[in-house]
Amino acid sequence: MNLYIFFKIFSAFSFLSAIFLLRFVRAISKAQTDAKEPTIFVICAISAMLFTYSLFLMSEFHTKALILFCAFKVCSIWTYYLTFSFNHAFTNTTKKIGFLKELYFILCFIDSVLLLANARVQIIFDLIPARTKAGFFYWGIEFTSKFGFHKLLCAILSFSSVALLISSIVKAPSYNKVKYIAILTSESLVLIANYIFNSLNLPLNFSLLMLVASSIFIASYVNKDFSSPVLIGPLSAITESIKDIIFCYDSSENLIYANSAAKNVLKKSNDNLENFAKEFRQNFLKTRPSELSLKLDNGEERYYVTEYKDFFISNSNIGSYLRLQDKTKETLESRRKNYIANHDLLTGLLNRSGFFKKMQEALNQNTYKNPILLCTNIKDFKLINTIYSEKVGDSVLQNQTEVIKRLCYKKSIIGRIADDKFAIFMEKQNFDKDIFEEAFNEVSCIIEKTLYNIQIVAGIYEIYDKKETVQSIYDKAKISVDTIKDSDNQIFSFYNSSMMEKMLMEKDIVNDFEKSLNEKQFSIQLQPIMDKDGNVLGAESVVRWNHPKYENLTPSSFLDVLERTSLIYKLDVYVWELAAKKLHEWKKRGFSDLFISVNASSKDKFFIDITKTFSDLIKKYDISPQNFKAEIKETAMVENPEKTIEIFSELKKLGIKVYIDNFGTGFSSLNVLKDFIADGIKMDTSFLTESKVSGKNKIILQTMISMSNTLGMEFIAKGVESENQMLALSKMDCKLFQGFYFSTPLPVKTYEAKYLQNSSQAKK
């Protein structure tokens, strides 16, 4: 065949192919997809390539042919770019690497300018007339070195397009792999054909035949992919107004409709939304949950109630419907309430209820092979709150929380049970006593720019019976920590059966108290208070309980219990009346110069009017207020100090002398002397042993005695156990003494026989 005729046929074929491709534009323009515009643009670019090349083949004049070939090259570079853009949109990766489009656009624009400029200055290539052996004329192309930029850019765009498709094929669900592979295959064939053409340097670009075939295939394939049916009409109008996510599927499980809410919430392109909806339906049908959560691409998590229905006509399935009703607000509110119900808001740890639930779950699931429970307390925590403010106390608790979190493994369960009481449920092998002790010593607080260390103690219960109730387990751990609350050196205490016996005894104390009070099982003993010459000035009343079950029940064993359970005020009133009654008897017998001091608990002021109670007793038994003295412990005075100061003042108005007991044991003893107008202080001097008569202890005592005398306050030295102690104290100008050196607390009759008779004989 004559080459000239062949050129004519090829030109006509290119022209007609361009027109045929443009027929797809109208059909694709009706599609509802993000890939619609890139598809139309790439079809138009390919059509423009075919038009310009067909006209170039038929051009006989150099200028016209040069302009057309430059236009052809411009169309080709933009075809590469638009193919890349099409692949982006079709695979829904535009947002991920969209910055490349901007870069490639700039490079393509530069290349286009250079190519168009070439029509005038021929800096990239030129057309050279050529003839075949048969004498047929055609335009040969002579490229310069600057054509390398165009070639490199084409290569980069080709590589990017292919790489994009390959990456999408690897990551895409199986139902998307097929269409991505089809596109990749057709584009790859075009690139191979173009490479062969460039290698052979033929006068006619036969690679355009593969481009035409590939373009028609892709246009047809894509148009078919875009042509899925959608709901229209009233149903669409209704669903568009609903805020819930709605998916509709055909009988082949393909998505045929998604309302605006689905698109707005999920923020996916139509193609990706289709994939998501199809996969979502498949996963949903495995379990059909009534409620589920969705994590969106922006990281937000939403919660939905689901509704799914299949539609049938004449027993034939025509599709299905899936509705996701947004319950995020309600779910989060419910979770918030549940969190509040089971967590401590200050520390973020589980509260008592939440801790017990988690602990029970761990026991049921056998989470730990050898579980233990630690129960911690902070010594004198109430005093920290009272003296330094609750803000300081809160910072201590938060600091302790962080320390415990660092100590414990992830599976450990941590809770704040109440106030300063923390609990840790953990595996025994993860408990290292030394590490825990070191960590506990780290807990501190800043008070007035000064670092204060906080003493934490812990009771530990090793669980052997995992069917034991959670409350019982906690009680035993708490019992063990309560046994060391008064110890200065011990940090850990492991539970043993004797602790349970003590707890049962304490329970009996509480249960039997009211009955014992009514049956007058309580009595008082008197411990004399002496001057340095051995004269008896009065006595301190000490309560005794003649318990029918516990023969040797010491005051310390039941007073603490009654203090904790707020029953102490009833016993105090009972003891005060016994003391007042005894003073009345002594007055009638002529011993009106002797006094009896009674103790007042910090809890009394919350339940009774202390001043009125004392006033009524003084009137009832016609006794001198001077002989009815009140002792209040220093540590009790910092709990609601304003109220305590008020009580001090009112008692003094009655003529009752008020003493600060156990002075020096609190956090701020000097502040107590400053704020509370007391008549005297009682200081335990038991630390002044035979080996410590001199030194710092002596200096401290000397200072306190001198300060008391200067302030016009009586100083009573408690705990005097030897003659050397008494002599040492006398040299310090101490005038009043109390302790075992003189006498133990005595039954009232014994006290009266020993001291009142002596006092009577002295009068005679």
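Here are a few things to note about the model shown:
- Relative to the Cα centre, the charge distribution of segment 3-226, modelled as +1 at Lys and Arg Cβ and -1 at Asp and Glu Cβ, gives a dipole magnitude of about 320 debye.
- Given R0 = 45 Å, the distance between the Cβ atoms of Ala117 and Thr287 translates into a calculated FRET efficiency of 0.10.
- Taking the empirical scaling 2.2 N^0.38 Å for compact globular proteins as reference, segment 527-569 has a Cα radius of gyration ratio of 1.60.
- Excluding same-chain neighbours fewer than eight residues apart, the lysines reachable from Lys428 by a Cα-Cα span under 21 Å are Lys357, Lys358, Lys369, Lys405, Lys410, Lys411, Lys466, Lys467, Lys476, Lys478.
- Ellipticity estimate at 222 nm from DSSP helix runs (n ≥ 4, -39,500 (n - 2.57)) divided over the chain, nearest 500: -18000 deg cm²/dmol
- Potential lengthening of the chain between Ser199 and Lys588 amounts to 126.4 nm, from the contour at 0.36 nm per residue minus the alpha-carbon distance.
- Residue by residue, segment 751-756 carries 3J(HN,Hα) couplings of 4, 5, 5, 7, 10, 5 Hz when phi is fed to the Karplus relation 6.51 cos²θ - 1.76 cosθ + 1.60 (θ = phi - 60°); x denotes Gly or Pro.
- Relative contact order for segment 552-628, counting Cα pairs under 8 Å that sit 6 or more residues apart, in percent: 39 percent
- Counting only DSSP beta bridges with both residues in the chain, the antiparallel share comes to about 75 percent.
- Stretch gain in nm, segment Met505-Ser145, where the contour uses 0.36 nm per residue and the Cα spacing is subtracted: 119.2 nm
- Extension gain from Ser167 to Leu152, taking 0.36 nm per residue of separation minus the Cα-Cα distance: 3.2 nm
- Leading residue at positive end of dipole, the chain (Cβ point charges), from Leu504, Ser167, Ile632: Ser167
- Debye, to nearest 20: dipole size of segment 234-331, +1 on Lys, Arg Cβ, -1 on Asp, Glu Cβ: 140 debye
- For the chain, a simple Cβ point-charge model (Lys and Arg +1, Asp and Glu -1, everything else neutral) yields a dipole of about 2040 debye relative to the Cα centre.
- For Ala539, the residues 5 or more places off, or on other chains, whose built amide H falls under 5 Å of its own are Ile529, Phe595, Ile596, Ser597.
- 10 Å Cβ shell holding at most 15 others, DSSP loop, GluC sites (Glu not before Pro): longest site-free stretch of the chain: 552-764
- Cβ-Cβ FRET estimate between Gln490 and Arg564, R0 fixed at 22 Å, reported to 0.05: 0.65
- Short-range pairs are left out: with C-alpha atoms under 8 Å and at least six residues apart, the relative contact order of the chain is 6 percent.
- Percentage relative contact order, segment 3-226, counting C-alpha pairs under 8 Å, at least six apart: 21 percent
- Semi-axes of the equivalent ellipsoid for segment 508-763, Cα gyration tensor, largest first, Å: 27, 22, 20
- With the simple model of a label 7 Å out from the Cα in the direction of the Cβ, Glu462 to Phe6 spans 9.8 nm.
- Sparse-neighbour loop sites [trypsin sites (Lys or Arg not before Pro); segment 511-569; at most 13 other C-beta within 10 Å; DSSP]: Lys520, Lys549
- Here the label points at Ser624 and Asn453, each 7 Å from Cα along the C-beta direction, are separated by 5.1 nm in the simple model.
- For segment 343-495, the alpha-carbon radius of gyration amounts to 1.01 times the rule-of-thumb value 2.2 N^0.38 Å expected for a compact globular protein.
- Start at zero, step by 5 Å, and the Cα-Cα distances of segment 234-331 spread as 3, 12, 23, 27, 21, 10, 3, 1, 0 percent across the bins.
- Viscosity 1.002 mPa s, temperature 20 °C, Stokes-Einstein D of the chain from Kirkwood C-alpha radius, µm²/s: 59 µm²/s
- With a Förster radius of 25 Å applied to the beta-carbon distance between Glu442 and Lys411, the computed FRET efficiency rounds to 0.65.
- Cα-projected label distance for Val25 with Lys520, points at 7 Å along beta-carbon direction, nm: 11.8 nm
- Here's the picture: charge each Lys and Arg Cβ at +1 and each Asp and Glu Cβ at -1 in the chain, and of Met732, Ile110, Ile699 the one pushed furthest to the positive end of that dipole is Ile110.
None of the figures in this text is laboratory data; all of them are computed from the coordinates on show. Everything quoted here is computed from the prediction, not taken from an experiment. Here the Cβ is made from the backbone with ideal geometry for all residues, glycine too, and neighbour counts use every protein chain on show.
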